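Reading through the structure tokens given below for one structure.
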Amino acid sequence: MKKISVVVPCYNEEEALPIFYDTFVKETADMPVEWEFVFVDDGSKDGTLAGFRALHQKDDRVHYISFSRNFGKESAMYAGLEAATGDYIAIMDVDLQDPPALLPDMLRGIEEDGFDCVATRRVTRKGEPPIRSWFARAFYKLMGKISRTEIVDGARDFRLMTRQMVDAILSMKEYSRFSKGIFSWVGFDTKWLEYENIERSAGETKWNFWKLLIYSIDGIIGFSTMPLAIASVAGVIFCIIAFLLMLFFFVKALIWGDPVAGFPATICIVLFLGGIQLFCMGILGQYLSKTYLETKQRPIYIAKEKK
Ligand code: UDP
Ligand code: MG
């Protein structure tokens with residue numbers, strides 16, 4: 001019998017945790033596999049860890065890791081994948097937005113259809129603020145243009161993977177992790193299942209607009225160097241414009257002389273170019289700061305308790 005490890009990152013999820021466990025056990029009862037749970041407490045400030053301990057007492061298939069502080073979902077997923085010992089590994093949110101009922105289909109995708117990974121994407125963004133949906137769409141469109149790594153619109157982290165694929169993911173030890181990119185970068189054959197967005201079972205979302213925006217910038221910087229090229233292209237374009245203007249003013253002065261005029265235009269041009277320069281320096285800075293963090297080689301997470 002194959003063993004499936006279920007990696008579940010949790011941050012302040014004491015309410016959702018028991019609902020997840022009960023629903024999961026009930027809905028997967030007749031799957032012919034052995035289960036292992038790897039819960040990761042991402043530095044929760046509520047009773048999440050106590051919940052893990054209680055589950056571990058009651059069910060010896062339950063393992064957990066507790067972080068010394070909040071490291072973010074990306075780090076929690078990494079820790080969970082590292083600790084998982086199954087033949088296949090699933091990543092799931094604890095809020096039941098990733099329905100366990102899809103697992104039999106996912107398993108069939110791997111065992112019968114021969115895929116290395118069965119991933120899920122939501123086709124609707126029901127129950128999400130429209131502005132957030134709009135930004136999300138814009139982000140996926142932009143990524144599609146500027147990154148060679150394919151990032152699928154609406155892809156969730158909910159997926160079932162083979163051991164081989166998980167080992168490939170674990171071999172990517174980068175500190176700034178953007179899983180949607182990493183999953184795609186490692187390759188392997190992925191089957192996509194689609195489903196409608198489901199509302200959270202309990203508790204609140206841990207993501208706000210700014211967190212998502214910063215996360216998307218991480219994604220762009222992690223999986224595309226196009227913004228750096230934009231800076232050089234802008235530089236070349238402005239040099240050409242400057243050269244043409246120089247010629248124009250030179251000829252103009254030869255023919256009509258050079259009375260002092262055009263002060264407002266000068267100010268506008270100086271400000272505009274100053275803005276472009278700062279913008280390009282900002283882009284450089286973003287890449288530099290990521291490089292700086294990577295060179296420090298800090299651990300992706302620090303565990304305080306592990307069972
Ligand atoms: N999560 C985490 N660390 C964080 C934020 C979130 O481990 O810093 C977990 C959270 O407990 C949940 C999953 O990541 O199991 C997805 O979070 P959430 O449901 O808040 O995100 P949403 O579904 O709203 O995108
Ligand atoms: Mg959720």
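Here each label is just a point 7 Å from Cα along the line to Cβ, and for residue 284 and residue 128 those points are 3.6 nm apart. Rounded to the nearest 20, the Cβ-based charge dipole of the chain about its Cα centre (Lys and Arg +1, Asp and Glu -1) stands at 1140 debye.
Counted residue by residue at 0.36 nm each, then reduced by the alpha carbon distance between them, the extension gain from residue 233 to residue 260 reaches 6.5 nm.
Relative contact order for the range 150-292: what is it in percent, counting Cα pairs under 8 Å that are at least 6 residues apart?
Details: 38 pairs, mean separation 37.3, N = 143.
About 26 percent, as a whole number.
Full extension of the chain segment joining residue 269 with residue 253 gains 3.8 nm, where the gain is 0.36 nm per residue of separation less the Cα-Cα distance.
Every pair of different Cα atoms in the chain enters the Kirkwood calculation, which places the hydrodynamic radius at 22.2 Å.
Using a 10 Å cut-off on Cβ atoms, rank the peptides 85-95, 165-175, 16-26, 267-277 from the highest mean neighbour count down.
The most tightly packed comes first, giving 85-95, 16-26, 165-175, 267-277.
Each residue of the range 198-239 gets 103 Å³ once the volume of the Cα convex hull is shared out per residue. Using R0 = 22 Å, the C-beta based FRET efficiency linking residue 188 and residue 153 works out to 0.65. Computed from label points 7 Å out along Cα-Cβ, the spacing between residue 210 and residue 242 is 3.7 nm.
With a ≥ b ≥ c the root eigenvalues of the C-alpha gyration tensor of the range 6-46, is it rounded (a/c under 1.5), prolate (a/b larger than b/c) or oblate? Oblate. For the range 1-87, the mean projected area of the C-alpha convex hull, equal to one quarter of the hull surface, is 5.4 nm².
Each Cα pair under 8 Å and six or more residues apart adds its sequence gap; the mean of these over the residue count of the chain is a relative contact order of 22 percent.
Quick check of the Kirkwood formula: for the range 60-154, what is the inverse mean of 1/r over all pairs of different Cα atoms, in Å? Show your work: numbers first, answer last.
Numbers: mean 1/r = 0.0610 Å⁻¹.
Radius from the Kirkwood sum: 16.4 Å.
If you wrap the range 154-292 in the convex hull of its Cα atoms and look at it from every side, the mean projected area works out to 14.5 nm². From the largest down, the range 192-272 spans 77, 27, 20 angstrom on the principal axes of its Cα atoms.
Classification of the range 112-199 by its C-alpha gyration tensor yields an oblate form. The axis ratio a/c (a ≥ b ≥ c) is 1.5 or more, and b/c is at least a/b. For the pair the range 216-263 and the range 283-307, the centres of their Cα atoms are 36 angstrom apart. If R₀ is 45 angstrom, what is the calculated FRET efficiency for the pair residue 111 and residue 138, using the beta carbon separation as r and rounding to 0.05? For R0 = 45 Å, the calculated efficiency reads 0.75.
The trypsin sites (Lys or Arg not before Pro) of the range 45-105 that meet both conditions, a loop assignment by DSSP and at most 12 other Cβ atoms within 10 Å of the site Cβ, are 45, 69.
Quick note: the coordinates plus some simple rules give every number you see, no bench work behind them. Nothing here was measured: the structure is a model prediction, and the numbers come from that model. Ideal geometry is used to build each Cβ from the backbone, glycine not excepted, and the neighbour counts take in all protein chains shown.
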